[in-house]
Structure formats: structure tokens, C-alpha cells
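Report on one structure; see the data block that follows.
The values are calculated or read from the model by the stated rules, or taken from the named source; none is laboratory data. Bear in mind the structure is a predicted one, so any value in this text is a computation, not a measurement. Positions of Cβ are backbone-derived with ideal geometry, glycine not excepted, and every protein chain shown enters the neighbour counts. Protein only, heavy atoms only, side chains kept; ligands, DNA and RNA dropped before computing areas. Shrake-Rupley method; radii C 1.70, N 1.55, O 1.52, S 1.80 Å.
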Amino acid sequence: MLLIIMLLLFLINVPVAFAIGISTMIISIWISDINLLRLIQSMFSSLDSFPLMAVPFFILAGKLMEYGGLSQKIVEFASSLVGNIRGGLAHVSIVACMFFGAISGSSVATIVAIGSIMIPHMVQRGYERNFASAIQAAGGITGSIIPPSIPMVLIGVIAGISVGDLFIAGIIPGILIGLSLMLVAYLVSLKKGYGENVAQSNKSIIKTLKESFWALLMPLIILGGIYAGIFTPTEASVVAVVYGFFVGVFIYKQITYNVLKKILLSTVLTTSSIGLIIATASYFGRLVTLERVPHNIAEALGNANLSPFTVMILICVFLLLLGTFMDGIAALIIATPILFPIALGIGMDPVHFGVLMVVNLSVGLLTPPLGVGLFVAAKIGKVKYESILRSIIPFLLVLIIDIIIIALFPYISVGFSNFMKN
């Protein structure tokens with residue numbers, strides 16, 4: 001009943017946070033004897049978290065980088081590295097997204113920052129507008145997987161998993177996804193004749209490397225500081241803000257007073273919307289926990305004698321379906337209290353679960369009918385949402401293969417995390 005009411009509210013376009021809160025309140029009053037005051041208290045306590053402070057700071061850091069001219073420098077460097085491959089600009093888009101993802105921590109921010117530069121450029125060079133928009137949407141999901149990652153901060157806080165371990169564990173899966181997308185882009189470009197090979201000189205690579213040095217240095221400082229134990233992920237987010245402000249104002253000189261006002265306003269709006277979703281989703285999570293929903297689901301799966309692998313695949317399918325109609329952050333906050341106990345019950349490593357969940361929900365940005373990433377890319381590319389769907393299918397297929405590989409081989413994520421800790 002809870003999910004049915006929530007879906008009905010989604011269908012009539014009630015904002016996500018209000019849909020979650022209203023449906024949970026109705027069920028609390030109608031079916032449960034839970035004291036509403038306990039649930040409301042959980043909304044406030046869910047936001048009273050030191051690790052959660054990393055979210056607004058990483059959002060602010062990403063916007064400082066976006067408006068501070070770093071995205072343009074990253075695109076130029078990526079072009080010098082992979083611009084000589086068939087379908088060069090498609091590869092540049094993906095590589096630039098991977099680099100920017102190591103700065104912003106957000107898929108949507110990555111799509112906007114890189115897409116606004118690359119889509120017009122690709123169209124000018126003869127790429128179909130639909131394909132240019134689709135490649136940007138697909139490449140943009142690496143923004144949530146390659147650390148630092150806002151969804152990883154959230155799942156770390158909700159499930160009590162080390163955010164630092166999640167960051168380390170997301171590196172190899174993020175690179176795997178980026179390379180697989182480049183393979184698809186190469187095959188499509190080969191078939192349609194996109195982008196002839198253009199030789200790049202070593203001088204060009206060195207020149208763009210120097211120009212993008214300050215942009216590329218940021219993820220090294222942030223991730224290096226976390227892994228070396230110099231600061232926590234939350235403290236790292238503050239360092240990222242200070243660094244982004246310094247580079248944008250004094251190095252690239254793109255951030256003026258008016259631009260800074262726009263950055264701060266955008267950060268406040270984004271943070272407040274996420275905060276409201278976190279609070280109401282905590283309300284939801286408290287209810288399903290008190291009503292023993294995760295326990296009952298885990299018990300039902302246990303009685304069905306399903307193998308751990310089958311349960312893991314069912315979790316992946318559920319998350320992909322959830323992503324078809326719900327924003328990734330909202331889906332993550334809602335699904336974690338339900339799925340995390342089930343994952344632990346089948347012996348799944350918490351870090352592996354966190355990475356797999358973030359990857360699935362990131363891919364969910366590309367799945368219709370909601371597909372937030374597709375909507376954003378379509379808007380930037382000035383194409384209809386329906387027209388981008390056909391171009392995204394090859395990328396979705398390879399991403400599903402990536403999910404299966406990450407699910408089957410935990411060492412890809414957990415192994416690297418353990419290696420870095422040792």
C-alpha cells in the first residue's frame with residue numbers, strides 16, 4: 001500500500017520529497033500504531049550528520065569547477081589524448097566526463113558541464129544531434145561512480161559504510177564503464193563514418209596538460225588526502241571548495257562576483273531539495289524498518305532457496321526498474337534501508353553492495369520513462385526526449401553487461417579498496 005500510494009503521487013507529479021512523506025504519513029496513521037512523533041524526529045535527526053555535510057560542499061565545489069573554466073580545460077586535454085581515434089569527439093566526451101566526474105561527484109552536473117561544450121561541437125563536426133546527446137548522457141553517469149561521489153556519501157551515511165572505502169572501490173568500475181562506452185562509441189562511429197582519425201602531436205598533449213594542470217590536480221589532492229588519512233571525506237569536500245574557488249578566481253579568472261552569486265544560489269537550491277528528500281526518505285526508512293519489511297523480504301527470499309547470485313541479480317533488476325521512474329538520489333535513499341539487510345544476509349560485502357547500488361542507479365539515469373540523464377542531455381542537445389532513446393540503446397546494453405561483471409567479480413571494487421588500505 002505504501003508503494004502504491006507513493007506511485008500514484010508520482011503519477012500526478014507530486015514532488016518526490018512530498019510524495020515520500022505524504023505516503024508514509026498516510027500508512028502510519030491508517031495501518032501502523034507507530035507514534036508519528038518518532039517518525040518526525042527521525043526526519044530531523046537524519047540531517048544531523050557530520051558525513052552528510054560533504055554533500056553541499058561537493059555540490060558547491062562541482063559548480064565552482066563548472067563555472068570556473070575547468071570543464072573547458074578538461075575537454076581540451078581529453079581531445080589531445082583520444083581525439084585521434086575513430087569517432088574522436090565521442091571519445092573526448094566520455095573521457096572528459098570521467099575527468100570531470102572526479103571533480104563534481106554528480107552525474108547531472110557532469111552532463112551539463114561537458115555536454116554544453118561538446119554537443120554543439122560534435123554537431124558542427126557532422127555527428128547526429130541524437131547521437132551526440134546520447135553519448136553525453138551515457139558518459140555523464142561516470143560522474144556519480146568515479147570518486148568523489150555524492151551518492152556514495154549518501155549511501156555511506158545511510159548504511160554506515162566507510163565513505164573512503166566506497167570512493168576507492170568506485171575507481172575501477174568507473175574506468176571499466178568509461179572504456180566500455182568508448183568501445184560502443186568506436187563501433188557506432190565506424191559504422192556511420194563519424195570522426196576521421198586526426199593525428200595528435202606530443203607537443204599538443206603537453207600543452208593541454210599544462211593548461212589543464214590545475215583542473216587535474218584537484219582530484220589528486222582530494223582523493224590523495226582521503227586515502228593518506230590527512231582528512232576525512234567531509235573535510236575533503238571543504239578543501240575542494242577552497243581549491244575550486246582559488247583556481248576559478250585567481251588562476252583561470254572566470255569567477256566574478258555575479259557568477260559567484262549564481263553559484264551559491266544554485267548550490268542552496270540543489271542542497272535544500274536533496275535535504276528534504278533525505279529527511280522524508282528517513283521517515284520512510286524508519287517506518288519500513290519498524291514494520292520489519294526488510295526482515296520479511298529476506299525471510300521470503302531465504303525460504304525460496306535462491307542462490308546468493310540470484311538474489312544479487314534480483315537486487316540489480318529491482319534497482320534498474322526503480323531508476324525508470326525515480327530520481328537516483330531519491331531511489332538510493334528509499335531502497336538502501338530495504339536492500340542493505342538483504343545483501344548482508346547473503347554474505348555480500350557492504351562496500352561491494354554500495355558500489356553495485358550506485359552503478360545500478362546511475363544507469364537508471366538513462367532508462368525511460370523518467371531517465372533524468374536523458375532529459376538533461378536532450379535539453380542541452382535541443383532534441384526531443386523520444387528521439388534520443390534509440391541512440392542510447394547500444395550504450396544501455398553494454399552498461400548492463402558492466403553491471404553483471406561488477407556483480408560477479410567483487411574483486412573489481414572490493415579488491416582494489418582492500419589493496420589500497422593495505
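None of Leu166, Leu220, Leu187 is open to solvent by 70 Å² or more (accessible area, probe 1.4 Å) and over 28 Å from Ala132 (Cα atoms) except Leu220.
Go through the residues of region 281-295 one by one and say whether even a single one is within 19 Å of the chain's Cα centre (by Cα), open to solvent by less than 60 Å² (accessible area, probe 1.4 Å), within 24 Å of Phe10 (Cα to Cα) and touching a residue at least 24 places away in the same chain (Cβ under 8 Å). Within region 281-295 (the criterion being within 19 Å of the chain's Cα centre (by Cα), open to solvent by less than 60 Å² (accessible area, probe 1.4 Å), within 24 Å of Phe10 (Cα to Cα) and touching a residue at least 24 places away in the same chain (Cβ under 8 Å)), the answer is yes, since at least one residue qualifies. The number of residues in region 214-242 being out of contact with any Phe, Trp or Tyr (no Cβ under 9 Å at 6 or more places or on another chain) and over 17 Å from Phe167 (Cβ atoms) comes to 1. I'd like to know if region 387-401 contains one or more residues that are under 16 Å from the mean Cα position of the chain (by Cα) and open to solvent by less than 50 Å² (accessible area, probe 1.4 Å). Yes, region 387-401 contains at least one residue that is under 16 Å from the mean Cα position of the chain (by Cα) and open to solvent by less than 50 Å² (accessible area, probe 1.4 Å). Set side by side, the residues Met98, Met53 differ, and just one is aliphatic (A, V, I, L, M), over 25 Å from Phe395 (Cα atoms) and touching a residue at least 24 places away in the same chain (Cβ under 8 Å), which is Met53.
Scanning region 17-74 for residues that are of a type in the set (Val, Ile, Thr) and over 20 Å from the mean Cα position of the chain (by Cα) returns Ile20, Ile22, Thr24, Ile26, Ile27, Ile29, Ile31, Ile34, Ile40.
Of the residues making up region 90-133, those that are among the polar types (S, T, N, Q) and either under 19 Å from the mean Cα position of the chain (by Cα) or crowded, with 24+ Cβ neighbours inside 10 Å (or both) are Ser93, Ser104, Ser106, Ser107, Thr110, Ser116, Ser133.
With respect to the conditions (1) open to solvent by 20 Å² or more (accessible area, probe 1.4 Å); (2) at pLDDT 80 or above; (3) part of a loop (DSSP other than H, G, I, E, B), Ile255 falls short on a single one, namely (1).
On inspection, Asn360 passes the criterion of being of a type outside the set (A, V, I, L, M) and modelled with pLDDT of 90 or more.
Test Thr208 against the stated conditions and say whether it is more than 24 Å from Val82 (Cα to Cα), surrounded by 15 or more Cβ atoms within 10 Å (Cβ to Cβ) and polar (S, T, N, Q). When the stated conditions are applied, Thr208 does not pass them. Between Leu344, Leu276, Leu320, the distinction of being within 21 Å of Asn13 (Cβ to Cβ), open to solvent by 30 Å² or more (accessible area, probe 1.4 Å) and not aromatic (Phe, Trp, Tyr) belongs to Leu276 only. Residues of region 62-74 include none that is modelled with pLDDT of 85 or more and small (Gly, Ala, Ser).
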